[in-house]
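I have placed the structure first, in the form of structure tokens, so that the comments after it can refer back to it.
The values are calculated or read from the model by the stated rules, or taken from the named source; none is laboratory data. Everything numeric here is computed off the predicted structure, so don't read it as measured data. Using ideal geometry, Cβ is built from the backbone for each residue, glycine included, and neighbour counts are taken over all protein chains shown.
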Amino acid sequence: MITVNNLSKVFRQQNGEELYAVNNLSFTADKGEIVVLLGVNGAGKTTTMRMLSTILQPSSGTATLEGYDLKKDPQNVRANLGFLSGDTGLYARLTARETITYFARLYDVPENKIHDRINKMADLLDMHDFLDKKIDFLSTGMKQKVSIVRSIIHDPPIMIFDEPTAGLDILTAKNIISFIHKCKEDGKCVLFSTHIMREAERIADKIVMIHQGKVLAQGSWEEFIENTGLHDLDDIFIHYVNNVVKEDA
Amino acid sequence: MNIKKIIVIYKKEMLDLLRDKRTIITSFVLPIILYPLLMIGLTSMTSRQEIKLEQQEIVIYLNDMSQNEISREIRGSLSEIETLQIMDEAIVYNEDTYLDLLKDKSIEALITVEDSLSSTGYTILNLTCFYDETSEKSSMAYRKIRDNLRDLEEVLISKRLDKIKINSEILNAVEIKKENIAPPEQMVGFIVGKFLPYLLIILTISGASVIASDLIAGEKERGTLETILVSAAKRNELVIGKYLTIITISIITVLLNLLSMYIAFRHIFMQMGQTMGNFQLPIGNFALILLLMIPLITFFSAILLSISTYSRNIKEAQSYQMPLLFGAIMLSMVSFLPGFELNLGFSLIPIVNFSLLMRDIMLNNYQLSYLFIVIGSTLVLDVVTVYISIKLFHSENVLFRTAEEKSLKFWGKNKKNILNLQFVLVYFVIMILALYYIGERWQIQDLMRGLVKTEVLLILLPVIVILRFSKTDIKKTLRLNYTNPMNFLLVIIAALPFLLLAGIVGQIINLIFPLSDTYLENLQSLLSTDQNSIWLIIFVVGILPGICEEVMFRGFILSSLKKSGFWHGIIFTAVLFGVFHLDPFRFLPVSLLGIWLGYLAWKTKSLYVPILAHIMQNSLAILITNYSDKFKFLDFIVKDGNIAYWVIIPAVIIIYFVVKGLHTFNPAETQDNSLEY
């Protein structure tokens, strides 16, 4: 479970001015729930995801993941978390099995379990044909499967997906989406970020719309329809953005 | 830190790199084949080339203007040289055109023969041999002609002596014999010692840099860095694992280099065995150098790792590595230079110390104490650079430079401010060049006039012009503000303690890098009244720089850097101030003074205070140099030309109270840490 409390991130720009990339963000994500962070490019999604995965330090506020505080206990946060993004790469000169084994060891998976887990995941994702081939020789779809296994090899209770389908073809993207559903079925807490409204509409239990680092609105698909009277997520999103513009004016 | 994790990371990196063709070629294959190719190939090629040259036909022309018996003898003697052919007759219109034959390579050498009579009645033949030193064939022609004619001269002289019945042995009054007592091992050491450090340092860095840029910048480029950062490994574990990888591969590279070099040498000496006698290559020295390379490798690896961490991609890492490589090449070349001996100062300068030490080891002529100082000082630097690398790896600004800048652009407003860091740096570089090329020339022509011209025309005037044209508020930028008169009093109180502290810093530097007497004399003569009146010196060396340099540094530069934050701005300005004096020995004390002056400008918000402080510093130094006998209390502080070290304590106490006073008279609430108003 993820609890985000007034999380903010300030960057100092070259001209010395401060910029709030994330501004007082709060939301929660439960076990077996898929929460989608929805926003246009530059809204602060990646910065939020990076803070939650402890790559970036929050400027203020905090969050707990599985009860571990982001600031006080980043080591345990990382151990309980799987992270997958659309632009993460793999080591071209290692084989799929070597890559996955490397990450399993970094995540302290016991040595005697690594082999079984890899086999189990390979069964599930149909990977046996290329497990011992070098990544360099794999297709995009195969690579994506390796990335998935890499991110989940330590069986974390929380999965964070930062625009995982960006730049992928439909078939590969479909693999990812079905994998996300599988995570939900297994009772994992899933946080997913995207700028594609359709994608959010399809898989989200809860949507957190963010714009210029701030939360515009959050709730389930049905709640949005009820509150706005609109039936299209595009329209709903624009509706909330316009509200903010009016408030600012 | 978890050792097991470090090993996991290390093993993976090694596996990854050992599958990389680039690493294999630059780190393993190149060293193995380089030396055999370089040495064996080169020696056999040059000797073959020489033989070929030796056998080539050489054509010369003899322009005989005396046409006597001796000149005919010369022609006869030259024509006996095998492969040499004397051109019969050249049809030319005047004498100069003979040279044209040489220039267009129709002939290899031109000899003109004229005769003259000595006062005692002997005929002396004056020979001039024209040849082209840049042509190997022509040079060889000259050498053959010279040797041949020397023999001929001996014959001619002994003939003359015979004629007057004198034994020709009378000419051998002193005979010089050359006997080299250096054993062949030492000769090898002497030759190898010169280029070995250079070669090893360059090969180590170039090998390690390929690996280092791949290890972190490469991970950024391929998008794998994020995946290891979110893993359960700690960042120091990642850094150390990668660091060990670079070290391992570099050590293997050096080992291969030394081994390959050793085998190649042995091969050559075995071939030359007959001429040089049997001897062993100094294998112990090679082993010691290998051992010595380890701290050097760890040092380079740490620097390269920091560069790789800082860079956004491999290409950027490589461009940052270039200056390091150039610097290392320059410093390691010190072993080629005559007159550079390892001393305490040099043993503290990285690369230079190794270069000189390795040379001495190859000569079997090194001091154990320096060996330990070199290793010790490098290990200290190692720890510092590894610490920096880990710090960088913790800094999110460094790790995510690309990603964040992209999102910043989304809302970033483009504010134009001409007076920024880049502008100051460009301006500073131009000014330093002007100072070096123009200012120093003025000062050589006439020291006092030159100094005035430099200060006013090169330092003060450009600043005023720039501020005028950039339409900034000159009064505000230069901090020409009213200030509490007590500040001036405080600065006057602090002047002597500060001068003494700076003097002590200079003294310590002098201990490590002893200054030459000429350097000290030059410095003294600038301040002394031997040639100029005291008032002129105080004006030119004391007051004028105080005003002009403060306007430039604490006025213009410090204000331009106000965005960098308080201490960054002050320290950066002070470093520029140190560089500006174009004197490596005074860099540290001058920079310290710069920090003090910057602090005064910021604290009092008035340029007048650092101006007074600067004038006081310079003028006090002038007065003490000239009237040391009149300041009786100085005898107490200065013993045998050295300032006593206990002075540090009262000086620091006085400065502490001056700083407290500054805080009292310049309350903090009116200040702003961004150096703004």
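Scan the range B:607-621 and tell me whether some residue there is surrounded by fewer than 17 Cβ atoms within 10 Å (Cβ to Cβ), closer than 16 Å to B:Val505 by Cα, in contact (Cβ under 8 Å) with a residue 24 or more places away in the chain and not aliphatic (A, V, I, L, M). For the range B:607-621, residues surrounded by fewer than 17 Cβ atoms within 10 Å (Cβ to Cβ), closer than 16 Å to B:Val505 by Cα, in contact (Cβ under 8 Å) with a residue 24 or more places away in the chain and not aliphatic (A, V, I, L, M): absent.
The criterion of at least 1 residues that are modelled with pLDDT of 85 or more and among the small types (Gly, Ala, Ser) is met by the following strands (runs of 3 or more DSSP E) wholly inside the range B:84-147: B:109-117. Would you mind stating whether B:Ile508 is of a type in the set (A, V, I, L, M, F, W, C) and free of Cβ contacts under 8 Å to residues at least 24 places away in the same chain? It is true that B:Ile508 is of a type in the set (A, V, I, L, M, F, W, C) and free of Cβ contacts under 8 Å to residues at least 24 places away in the same chain. Scanning the range B:302-317 for residues that are under 21 Å from the mean Cα position of the chain (by Cα) and over 19 Å from B:Arg235 (Cβ atoms) yields nothing. Condition first: away from chain A (no Cβ under 14 Å), in a helix (DSSP H, G or I), under 34 Å from the mean Cα position of the chain (by Cα) and modelled with pLDDT of 90 or more. Can you find one or more residues in the range B:194-202 that meet it? For the range B:194-202, residues away from chain A (no Cβ under 14 Å), in a helix (DSSP H, G or I), under 34 Å from the mean Cα position of the chain (by Cα) and modelled with pLDDT of 90 or more: absent.
Which residue, of B:Ile216, B:Ile205, B:Ile268, is over 28 Å from B:Leu325 (Cα atoms) and assigned by TED's automatic domain parsing to the domain that holds B:Ser311?
Values: B:Ile216 fails: over 28 Å from B:Leu325 (Cα atoms); B:Ile205 fails: over 28 Å from B:Leu325 (Cα atoms).
Just a single option satisfies the conditions, and that option is B:Ile268.
Go through the range A:141-170 residue by residue and tally those that are farther than 18 Å from A:Met121 by Cα and away from chain B (no Cβ under 13 Å). Residues in the range A:141-170 being farther than 18 Å from A:Met121 by Cα and away from chain B (no Cβ under 13 Å): 4 in total.
Which strands (runs of 3 or more DSSP E) does the range A:1-45 wholly contain that include 1 or more residues that are surrounded by fewer than 20 Cβ atoms within 10 Å (Cβ to Cβ)?
Details: elements: A:2-12, A:18-29, A:34-38.
It comes to A:2-12, A:18-29.
For the range B:515-549, a tally of residues being under 30 Å from B:Asn343 (Cα atoms) and either of a type in the set (A, V, I, L, M) or part of a loop (DSSP other than H, G, I, E, B) (or both) returns 5. Restricting attention to the range A:57-76, the residues being within 22 Å of A:Tyr20 (Cα to Cα) and within 14 Å of another protein chain (Cβ to nearest Cβ) number 5. Using the structure shown, decide if A:Glu199 is within 26 Å of A:Met1 (Cβ to Cβ), at pLDDT below 90 and surrounded by 14 or more Cβ atoms within 10 Å (Cβ to Cβ). It is true that A:Glu199 is within 26 Å of A:Met1 (Cβ to Cβ), at pLDDT below 90 and surrounded by 14 or more Cβ atoms within 10 Å (Cβ to Cβ).
I'd like the full set of residues that are of a type in the set (Phe, Trp, Tyr) and surrounded by 17 or more Cβ atoms within 10 Å (Cβ to Cβ), limited to the range B:495-533. Reasoning before the result, please.
Taking the range B:495-533 first, the residues of a type in the set (Phe, Trp, Tyr) are B:498, B:513, B:519.
Selection gives B:Phe498 alone.
When B:Val380, B:Val374 are screened for being of a type in the set (A, V, I, L, M), within 30 Å of B:Asn285 (Cα to Cα), without any contact (Cβ under 8 Å) to a residue 60 or more places away in the chain and out of contact with any Pro (no Cβ under 7 Å at 6 or more places or on another chain), only B:Val380 passes. Condition test on B:Leu215, is it closer than 30 Å to B:Ile294 by Cα, surrounded by 14 or more Cβ atoms within 10 Å (Cβ to Cβ) and at pLDDT below 85? Considered against the rule, which asks whether it is closer than 30 Å to B:Ile294 by Cα, surrounded by 14 or more Cβ atoms within 10 Å (Cβ to Cβ) and at pLDDT below 85, B:Leu215 comes out as no.
Close Cβ contacts (under 8 Å, 6 or more residues apart or on different chains) running from residues in the range B:5-28 that are not assigned by TED's automatic domain parsing to the domain that holds B:Asp214 and acidic (Asp, Glu) to residues that are loosely packed, with under 15 Cβ neighbours inside 10 Å and in a helix (DSSP H, G or I) are absent. For B:Glu133, the conditions (1) under 30 Å from B:Lys52 (Cβ atoms); (2) surrounded by 12 or more Cβ atoms within 10 Å (Cβ to Cβ) all hold with the exception of (2). Between B:Leu371, B:Leu331, B:Leu325, B:Leu344, which is surrounded by fewer than 22 Cβ atoms within 10 Å (Cβ to Cβ) and in a loop (DSSP other than H, G, I, E, B)? Result: B:Leu344 is the single residue among B:Leu371, B:Leu331, B:Leu325, B:Leu344 that is surrounded by fewer than 22 Cβ atoms within 10 Å (Cβ to Cβ) and in a loop (DSSP other than H, G, I, E, B).
Search the range A:101-140 for residues being in contact with a Leu (Cβ under 8 Å, 6 or more places away or on another chain) and of a type outside the set (Lys, Arg), and hand back the single one that is nearest to the other protein chains (Cβ to nearest Cβ).
We begin by selecting, within the range A:101-140, every residue in contact with a Leu (Cβ under 8 Å, 6 or more places away or on another chain); these are A:102, A:118, A:122, A:130, A:134-135, A:140.
Restricting the remaining residues to those that are of a type outside the set (Lys, Arg) gives A:102, A:118, A:122, A:130, A:135, A:140.
Values: A:Tyr102: 5, A:Ile118: 16, A:Ala122: 19, A:Phe130: 17, A:Ile135: 10, A:Thr140: 14 Å.
Filtering first and then ranking leaves A:Tyr102.
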